[in-house]
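Just so it is clear, none of the values below were taken in a lab; they were calculated from the coordinates. On a predicted model such as this, the values are computed, not experimentally measured, just so you know. Glycine also receives a Cβ, built like all others from the backbone with ideal geometry; neighbour counts cover every protein chain displayed.
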Amino acid sequence: MARLLGVDLPRNKAMKIALRSIYGVGPKIAADVLTKVGIDFETSSNDITEEQVQAIREALTEYAVEGDLRREVALNIKRLKDLGCYRGIRHRKGLPVRGQRTHTNARTRKGPAVAIAGKKSIKAMK
């Protein structure tokens, strides 16, 4: 099993797919790296040699991936929170940042729904 940037590449996958398990590597970057290194896209992740792994590792240094990218994203969010801008306040409150509705849905950001005590009895009184 190949290990790149602290991530184990999945077994029995084409290299164009296996590289995507690295945070920040999508289809375009995976294709660029494999082309630059000279590895066929359909080569199985089991079949690559240590030299090829080293070449891929060197090619990925040009891109912000894994720890560096995670750190950069976290610092960007922290900057928004410190500024107190609209997006920063939404991050602070754990609400959707990009204009989605919150009256219904938004459960991914808000977490599981919490029942409000006595709400049913109020409806029953009417």
Given unit charges at Cβ for Lys, Arg (+) and Asp, Glu (-), the dipole magnitude of region 27-126 about its Cα centre in debye, nearest 20, is 2100
Is any residue of region 31-55 close enough, with backbone N under 17 Å, to a label point placed 7 angstrom from the Cα of residue 11 along the Cα-Cβ axis, and if so, which? 44-49
Given Cβ point charges of +1 (Lys, Arg) and -1 (Asp, Glu) and nothing else, what value in debye, to the nearest 20, does the dipole of region 57-116 about its Cα centre take? 580
Do any chymotrypsin sites (Phe, Trp or Tyr not before Pro) in region 35-92 lie in a DSSP loop with no more than 13 other beta carbon atoms within 10 Å, and if so, which? 41
Taking the chain as a Gaussian network, Cα atoms linked when under 10 Å apart, which of 81, 16, 28 shows the biggest mean-square fluctuation? 28
Listed residues 4, 27, 15: farthest to the positive end of the dipole of region 4-108 (Cβ charges): 27
Result: in the chain the number of Lys pairs with C-alpha under 28 Å apart, spaced 8 or more or on different chains, is 15
Tell me which DSSP H helices of the chain clear both cut-offs, 30 Å or more of axial length from alpha-carbon atoms and a mean Kyte-Doolittle hydropathy of at least 1.6. none
